[in-house]
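Quick notes on the structure that follows.
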């Protein structure tokens, strides 16, 4: 075979030669065209962005276009310039990864002094410029700042953070973006059609998705699969076989095994997939995509936004509560971060599956269909399981909300003060659990007896207006809690930690964590309680007091959903069933946590004299039995007394 017959890879065959060939970077193409049209060509440019998206190719097109004066259209180089671009003596491409030293840059500085050979400009394209040494950057600095008028530098990098600020301030920066999936699919179809390669729509979609926004990677994968299938049509199954990708049925089976707590079968099935060569990271990303589709479908009852699955496939997923899908996502996203630094990826993956399988769904077996008047041992079954998880969650949240160093300046006594979530003593909690549950049962009985004794049909008629005004089952809150409210909540926590008068018993976080862990057993199977469970599940309690609970979640949508519905009648009363009191429910995002930390740091002195705004007593608005007692007292006066 002669050299002329040597096969050229697709990504090399279809490298852009003109501006119109550059796809997915329209904002950059438009700017570069305007630079040429308005004759405002600068002396230095920086092209940065993900690999395989045309940084070097765009630099070559730009250089070739401004150096070609052979056509009437100044935005389109002639065919001769296009054909000779790699042999053009005035367009010099330098690989900074292999020319990193100061001597290389000194040599470059000497060459810069020479005039262009036969073009208007002498253009240096320095690829992977972030690989230059510190000395090399310093040597380049003066030349880059004041080059000869005929010299243009185009720097390209995938990691602009490593470039010194002194360099960045002397260049015009262009940020390339990952290519959209639709653009990759469209271009791949055109190339397959031109190359007469047959491929199914599903196969093209999968290849484009595996390219992860990189046009070069997508074409490399397309090259591989085209060779694998030879003269046969490329199918989705062939792509899955070649790149060891699990199909959607396998992913759904994994999810269902985790949802049913079948750990043995889950590990056996996952091992089978790994033995076939399935990539762990790709597998976890597939699970994330399918869970995302499942949540969207459950929330919207529409297939318009679903990307991966058909409606029939979605119905095969046996997750009975959407909060469990959120919990799965939490576990997987943490594991994906851990996999980047793990020396034992398989063990990390198996631990991820174990966490998913033990995730809080066993509690549905202990869900009480009929609430007894007295606490039984069944009430305590979920406690051991949840408390072990609680301490780990709190440690993770503490790392985000570590205000101890700031708060130490807040105490007059200079004693250790922090705003972290309290450490959980499991033994202490187990001792308190029986008292809490029995106390709640007693209170429920007393309230029920009071209501039965005093509520009459006449009163129901008279108080219809009061009750209807209290009941509001439409979302009425805003998406976010104000910074002032967050700071007030944290001040209460700080005062409780300092045992400030009036706040000695304000910290109920420990008890509320227990109650929150029993959410499945405290709420019934009614439609209303299921909605409450969906809204309240999968949060972490930062702090709770008598009249409020401050939650946090890594999912902003969960936070917004809770805040919007915080004063719905069904949610307030559902929270009462869990925490045995009417409380304000506040949820904050991770960004709000950071904002609160910064505010605390910058306003330490003002916080010492800050007055906490008193929250509304929600029992007066939502507690019908309390309203009944008030009515009875008003009607019967001193004759009506409640025996405590």
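Only the coordinates and a few stated rules stand behind these numbers; no lab work does. All values reported here derive from a predicted model rather than from experimental measurement. No Cβ is skipped: glycine too gets one built from the backbone with ideal geometry, and neighbour counts run over all protein chains shown.
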Using a 7 Å offset from the Cα along the Cα-to-Cβ direction at both residue 305 and residue 7, what is the distance between the two label points in nm, to one decimal? 4.3 nm
The simple spin-label model distance between residue 150 and residue 138, using points 7 Å out along Cα→Cβ, in nm, is 3.2 nm
Take peptides 546-552, 82-88 and line them up by average Cβ neighbours within 10 Å, highest first, as a rough protection proxy. 546-552, 82-88
Sort 49-57, 502-510 for me by packing, meaning the mean count of neighbouring Cβ atoms within 10 Å per residue, highest on top. 49-57, 502-510
Taking the alpha-carbon centre of each part, the distance from the range 496-574 to the range 86-107 in Å is 61 Å
How much length is gained if the chain between residue 33 and residue 594 is pulled fully straight, taking 0.36 nm per residue apart and subtracting their Cα-Cα distance, in nm to one decimal? 197.8 nm
Between residue 107 and residue 289, 0.36 nm times their residue separation minus their Cα-Cα distance comes to what? 60.5 nm
I'd like the FRET efficiency for residue 76 and residue 483, computed as 1/(1 + (r/R0)^6) with the beta carbon distance as r and R0 of 41 Å, rounded to 0.05. 0.15
Whole angstrom only: what separates the Cα centroid of the range 111-134 from the Cα centroid of the range 3-47? 18 Å
